[in-house]
Amino acid sequence: MDLSLADAEPRVRTLALPGRGGETQALEFGPQDRPIDVVFSHANGFNARTYRTILGPLADRLRILAVDQRGHGRSGLPSYERPAPASWDDVADDLLALIRSLDAPPLVLAGHSMGGTISLLAASEAPDRVKALALFDPVIMPQGAARDPGLVGESPLVQGALRRRAVFPSREAVIAAYTGRGAFRTWTAAMLADYVADGFRATADGQVELSCSPAWEASNFTSHAHDPWAALPRVTAPIHVVRAEEGSTCRIEGHEAEFTASGKVKVETIPGTSHFLPMERPDLVQALLLEAAGV
């Protein structure tokens with residue numbers, strides 16, 4: 001692993017997904033003369049570039065595709081008003097279409113938060129295309145939580161997303177407003193700059209606005225009719241889950257035996273971490289991806 005590659009600029013790829021309504025953008029790290037090793041999916045409200053300094057150092061060992069999801073970053077796949085009961089099956093189907101379109105042997109699906117959950121859902125529909133799963137604090141709600149407004153619709157995450165300021169004078173103004181605050185307290189300056197670079201886009205009047213609209217971010221926080229628990233037994237690849245010690249969204253307490261019953265699931269709780277575990281422990285993400293890829 002070459003830490004100097006953390007500052008390298010990845011290749012930008014546009015990926016056509018005609019059956020999913022358009023195309024999306026991805027960042028590609030690593031040698032082009034080998035098959036894709038890892039497809040990485042970001043958290044709700046983020047984008048692929050947010051993880052550049054985490055994934056970049058692996059470019060001497062792995063070929064990684066980090067994808068902008070529907071309604072995020074530079075993706076051309078649209079957001080929309082989801083019908084009730086809403087789920088993440090649509091976003092998982094985007095990922096499923098993408099991995100089926102790649103000319104590659106079975107690969108590692110990895111992701112943070114929502115990205116980890118859709119990786120699990122996609123793997124359950126195409127187990128032959130997946131070599132391993134590396135999930136960083138995936139969103140695994142207690143069974144039945146989708147019907148509990150106290151856990152979903154009225155949650156602070158939903159209300160916070162709806163209140164989020166969408167327009168700023170410039171990206172520099174965004175960075176000044178976010179540095180050292182809220183979710184970004186534990187982020188490096190480079191991580192924050194990367195998030196802002198693709199997390200905001202220019203407007204006609206010279207300002208910048210969120211690429212992931214507050215309404216779409218909130219929609220993802222309220223959409224939990226998908227069923228990761230049902231997906232687990234359909235996945236044939238090994239699954240390695242790392243959970244945050246504080247505020248984890250992988251809420252399997254009291255159900256650990258059921259979650260790991262197949263013998264193919266490993267779960268670790270990482271001391272001193274929050275839900276932003278990849279930003280706080282990039283070394284752990286890097287080690288786990290290398291392990292999952294068998295490198």
Might you check whether a residue that is buried (at least 17 other Cβ atoms within 10 Å of the Cβ), in contact with a His (Cβ under 8 Å, 6 or more places away or on another chain) and at pLDDT 95 or above occurs anywhere in segment 170-183? no
Output for segment 57-79, where each listed residue is more than 16 Å from the chain's Cα centre (by Cα) and closer than 20 Å to Ala287 by Cβ: Pro57, Leu58, Ala59, Asp60, Arg61, Leu62, Arg63
Of all the strands (runs of 3 or more DSSP E) wholly in segment 1-64, which have at least 1 residues that are over 29 Å from Glu209 (Cβ atoms)? 38-41
Out of (1) modelled with pLDDT of 95 or more; (2) more than 30 Å from Pro169 (Cβ to Cβ), what's the single condition that is false for Ser223? (1)
Hey, any hits in segment 19-26 for a residue that's touching a residue at least 40 places away in the same chain (Cβ under 8 Å) and under 21 Å from Ser223 (Cα atoms)? yes
Selection from segment 82-96 of residues surrounded by fewer than 20 Cβ atoms within 10 Å (Cβ to Cβ), in contact with a helix residue (DSSP H, G or I) (Cβ under 9 Å, 6 or more places away or on another chain) and either among the small types (Gly, Ala, Ser) or in a loop (DSSP other than H, G, I, E, B) (or both) yields Arg82, Pro85, Ala86, Ser87
For segment 250-266, give me each residue that is of a type in the set (Gly, Ala, Ser), assigned to a loop (DSSP other than H, G, I, E, B) and exposed (fewer than 11 other Cβ atoms within 10 Å of the Cβ). Gly254, Gly263
Six or more apart or on different chains, Cβ atoms under 9 Å: show the pairs whose first residue is in segment 253-280 and farther than 17 Å from Leu135 by Cβ and whose second is of a type in the set (Asp, Glu) and part of a helix (DSSP H, G or I). Gly272/Glu280
What residue, of Glu291, Glu280, is farther than 26 Å from Leu96 by Cα and out of contact with any helix residue (DSSP H, G or I) (no Cβ under 9 Å at 6 or more places or on another chain)? Glu280
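The values are calculated or read from the model by the stated rules, or taken from the named source; none is laboratory data. Keep in mind that this is a model prediction, so the values were computed, not measured. Reconstructed Cβ throughout: ideal geometry from the backbone, glycine too, with neighbour counts over all protein chains shown.
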